Amino acid sequence: MDRIARAIAAPLGILASISTIVMMLGISADVAYRNIAGESIAGVLELTESALVATVFFGLAYAGTSGTHIAVDLLTSRLPEKAARGLMLLAWVLGCVILGWLVYASFGQAVDSFERNELRMGLVSWPLWPARWFVVVGFAALLLVAMVNVARLLTGRPLMGDPNGEAGSGDAPTES
Amino acid sequence: ACGGGADDDGSTELTVATAAQPDTPSNQVMQWYFNQVEERSNGQLTFDVLPPDSLCEADEVAECTQDGRADVGVSIPDYTPQMFPTDTVVSIPFTADNAHAVTQALDKANTEHEGAQQVWEQNGLVPVSHWPVGRLMLGSPEEVDSMADMQGQRWRVSGPYLQSAVEETGGSNVALTAPETYEGIERGVADAVGFAIDGAIDYKLMELLPYWTDPGTGHYSTFGMWMNQSTYDGLPEDMQEVVDNAAEDLNTGDGVEQFAEGAAGQCDTLLEGEEIEGVDRWSEEATQEWEDAVGDDLSEQWTSDAEDAGLEDASGYLDMYTSALEESEDAELIEDPVVQCIDRAEDE
Amino acid sequence: MDPNTIVLLVVVLLVALLAIRMPVALALALAGATGLALLQGTDFATNMLATEPFAQTNEFTLTIIPMFILMGVFAVRARIAEQVYAVASHLLRRLPGGLGVATVMACAGFAAVSGSSIGTAATMSRLSITEMRRAGYPESIAGALVAVAGTLGVLIPPSVFLVLYAIMTGESVAAMLAAGIVPGIISALAYATFIMAVAPKLVAKPGSADAPNLDSAVEAAAGGTGSESTRVTATATPTKLRDLEMRGLVRVALLFFIVLGGIYSGFFTPTESAAMGALVAAVMLILEFRRQGFATLYEKFTGALKETAGTTSMVFAIVVGSAILSKFFVTARLPQTATSSISALDFSPHLTIALLLLMLVPLGMALESISILVISVPLLYPIATSMGFDGVWLGILIVKLIEIGMVTPPVGINCYVVAGTSGVNVERIFRGVAPFVAIELAVVAVLFAFPELILWLPSLVR
Ligand code: NA
Ligand code: NA
């Protein structure tokens, strides 16, 4: 499952990166065109909105496997290793619950949007349903990462993307 | 109280999601309706209006009402044109001159046209009322009194049909979100705007644009009020009657009257604005010139867009709406706040 | 169940979820969804979960966040930050806390470009924290300084936030934007004064024994984000200015000139300025590494993009989670209940308004800023103006208090952004933030007591 999670997260990370560049180049091209030709390029505003959705949701699992998602260490680092591990297991099981719920909810939304051929009306009619699917794919991939983390906690291995290579023990405070 | 559940004393509180900011004319229309229903139902039906954009953002209000998170929704149908092909008809330029007639014609066409009924059924919404947000005004740095003056300017207007109409003048379109418009104009990203009078007032564009004029394109967008279908179905028959009767009054004059009353203060604000240099209207010839240039293309475009969005027999709907407009044109006229405002400006 | 009980339950649940180390975004979403389900049923909650993630991201003006993150990442990888800080620390070597003061000034300057505090924190964190660490600043203070000074982003125009407030309340946009400037400068001066006061005690001399794990921390910060450019000046501070690389300074000046100049001359909007800044920084990256071959450049580029995408996802995941929790608070009518119970106490107008404003601090602890603005302004504004208070004054105070919430635990999004972009542990940043919160509250008290500080400048434009 580890390998599957990485095999899914990595290309999604690349797609998220490409969307970032699309945003940058799209907006820049629009600025240039507007200052030369005096009008906006039809569809750029809508395109960059969809690109933002892509960056955010395709990047979710990548952020998950690279340890970018932030958790606060209020308690676990003060507990014995075993107790900390048990609590984190609970946290990631609950994480699977909310992610499963989000996948279910956004799936219904995406199907509905596709069937209605949902559009956004600006200078062009821009289809919104692809971006709705980005949300589903992003949550599903993060759900997979969460499931891997549950499996890792059960088998005593560190979380995905844990920089310390050691689950349950946050970095020891180093300042006086 | 969602889904119209009754409280212990038999009264029902309906949750309202709205996009109308307090102290705007549309808020007054909405409040009038709620007060009427509360009164006529002897307090059996009450409304809990949540702050604008809090429960659901403006472009989500329709969906929130559809799925029952809100019992009643008040927002601009053009934000989600796919759900409201029957309402986007107002945005065809040069078709809707009189707010009273538009409100009445939309009510008639939405309730009587078969395709429209199907759309509402699919949406799971009961239309209560739709009223125009106000005549389109052009705000600009220099005086704009004809198509020729619009040429070469960069315009911020909303909606695909108005944007096409702008292109006919030789002007160009700049895409800016409404909250960004102020800074966009201030820095010169766009030169001029087309907006209802609240663009000048609420979005403060009168601070930046000294000339405001009515080009004669008429109304271009509406506010809509809808009730969740199962909420409505769950009301006792006498309460449904109360809701319907108050809606009928809203649609046959009271709504537009409330709107005009709420908008009267906006005229004072506009005319007293320190930066304001001119508030006027185009000559009939100038308006005619633009209307001729636009031709019938946009009606045809609307028909095909509306069919795509699931409105069957869209051209039949357009005919029904247009003839209802013509019928109501002759009805007792409620003076349009923008027309009144320009008359006042020209008298001064 | 009674709504107040559910609210209490949800708050307890949120704290518990955070305590067992659930990722913040998921904890917020789960707490909010559970509350919605208890209050209105699971269908209602599912509908919120279906719409919010998309609604909170599919918005053109929000592209500013990834674009400013990208600009910062490019600039760091083009070694701009390193070069600028080498010059700055040389010039400021005699001033206690000089580098901290320079960071505050840079944040204020950047705030004049960026309309969002997340964007400001993200950019400046990437540019300054590693360098401050190398100069001997504890990472808690360095991280907190950037997180807090990042809040200047919404106070100093351009500001998405102030414009939104003006539109919601009908105040003049121009007046609102002007009103942010003086409080922004006062806040910046307060942060700078604090840094100068504590620097002699807290900041170790580079290489001295007082900085035991400095190098490892610098390496962790650099390694966590994939930067490998930080070895050049770490060991010795050159003694002569002319030995230093000046092109970083030139490039930063150019970046500011293009972005600021572009906004104020109308070439692009503040939202677009972020993308233009990123583009210019990308060109600078190419120039810096043009001789090292395509492979190096490609690696620098893709690394920057991946880092940006990861941080953007993290930030927006928290925004989405916070929005879901905020929908729960709205559905439970919490803001109305709190407002009406404070108003019912019948205190003097000043005390009532002070209490209502302070209510924003706990809200700010659990929610993201736009959510708070949307739910609090419609409640506070009519009360305050009916008591005769100025709406512009109120707006600035609301923004100041909401921004305090952006740096306080558990949901201090600026701190998360700084942690995410710099690799510093977030708990340590929260620890460093504590004294700044006291300073912020003092600034708010001064602005509350002397409304002229806020209202003088707008009185000139009105
Ligand atoms: Na700013
Ligand atoms: Na907070």
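Assorted remarks:
- Which listed residue, of B:Asp48, B:Asp67, B:Asp59, is within 21 Å of the chain's Cα centre (by Cα), over 17 Å from B:Ala246 (Cβ atoms) and open to solvent by 20 Å² or more (accessible area, probe 1.4 Å): B:Asp59
- Number of positions in region C:154-197 that are under 15 Å from B:Glu183 (Cβ atoms) and either β-branched (Val, Ile, Thr) or within 16 Å of ligand 2 (Cβ to nearest atom) (or both): 7
- Condition check for C:Leu38 on (1) in contact with a helix residue (DSSP H, G or I) (Cβ under 6 Å, 6 or more places away or on another chain); (2) without any contact (Cβ under 8 Å) to a residue 60 or more places away in the chain; (3) not in a helix (DSSP H, G or I): one failure, at (3).
- Residues (among the polar types (S, T, N, Q) and either on the phi > 0 side of the Ramachandran plot or open to solvent by less than 40 Å² (accessible area, probe 1.4 Å) (or both)) located in region A:9-36: A:Ser17, A:Ser19, A:Thr20, A:Ser28
- Residues in region B:35-45 that are in contact (Cβ under 8 Å) with a residue 12 or more places away in the chain and open to solvent by 40 Å² or more (accessible area, probe 1.4 Å) were compared, and the one that is nearest to the chain's Cα centre (by Cα) is B:Arg40.
- Unique residue being more than 17 Å from B:Ala96 (Cβ to Cβ) and surrounded by fewer than 19 Cβ atoms within 10 Å (Cβ to Cβ) when the list is B:Asp319, B:Asp347: B:Asp347
- Given (1) within 9 Å of chain A (Cβ to nearest Cβ); (2) away from ligand 2 (no atom under 16 Å from the Cβ), number of the condition C:Val84 does not satisfy: (1)
- Among residues that are away from chain B (no Cβ under 14 Å) and open to solvent by 10 Å² or more (accessible area, probe 1.4 Å), A:Ala61 is not included.
- Scanning region C:373-391 for residues that are within 13 Å of chain B (Cβ to nearest Cβ) and either modelled with pLDDT under 80 or away from ligand 2 (no atom under 16 Å from the Cβ) (or both) returns C:Val374, C:Ile375, C:Val377, C:Pro378, C:Leu379, C:Leu380, C:Tyr381, C:Pro382, C:Ile383, C:Thr385, C:Ser386, C:Gly391.
- Residues located in region A:142-162, provided they are open to solvent by 10 Å² or more (accessible area, probe 1.4 Å), under 25 Å from C:Thr46 (Cα atoms) and more than 10 Å from chain C (Cβ to nearest Cβ): A:Leu143, A:Leu144, A:Met147, A:Val150
- Filter result for C:Ile398 (more than 20 Å from C:Phe316 (Cβ to Cβ) and either among the acidic types (Asp, Glu) or within 16 Å of ligand 2 (Cβ to nearest atom) (or both)): yes
- Any hit, region C:109-124, residues being surrounded by fewer than 24 Cβ atoms within 10 Å (Cβ to Cβ), in a loop (DSSP other than H, G, I, E, B) and more than 16 Å from ligand 2 (Cβ to nearest atom): yes
- The residue list A:Val53, A:Val44 contains one member that is within 12 Å of chain B (Cβ to nearest Cβ) and among the β-branched types (Val, Ile, Thr), which is A:Val44.
- From the list C:Val87, C:Val15, C:Val7, C:Val11, the lone residue that is surrounded by fewer than 24 Cβ atoms within 10 Å (Cβ to Cβ) and modelled with pLDDT under 85 is C:Val87.
- Here C:Leu162 does not qualify as within 12 Å of ligand 1 (Cβ to nearest atom) and free of Cβ contacts under 8 Å to residues at least 40 places away in the same chain.
- Residues in region C:108-154 that are more than 10 Å from ligand 1 (Cβ to nearest atom), within 14 Å of chain A (Cβ to nearest Cβ) and under 8 Å from the mean Cα position of the chain (by Cα): C:Ile118, C:Ala121, C:Ala122, C:Ala147.
- Some residue of region C:59-79 being of a type in the set (Gly, Ala, Ser), open to solvent by 10 Å² or more (accessible area, probe 1.4 Å), more than 13 Å from ligand 1 (Cβ to nearest atom) and part of a helix (DSSP H, G or I): no
The values are calculated or read from the model by the stated rules, or taken from the named source; none is laboratory data. A quick note: this is a predicted structure, and the numbers were derived from the prediction, not measured. Note that we place each Cβ from the backbone using ideal geometry, even for glycine, and neighbour counts take in every protein chain shown. Heavy atoms of the whole protein, side chains included, go into the accessibility calculation; ligands, DNA and RNA do not. Shrake-Rupley method; radii C 1.70, N 1.55, O 1.52, S 1.80 Å.
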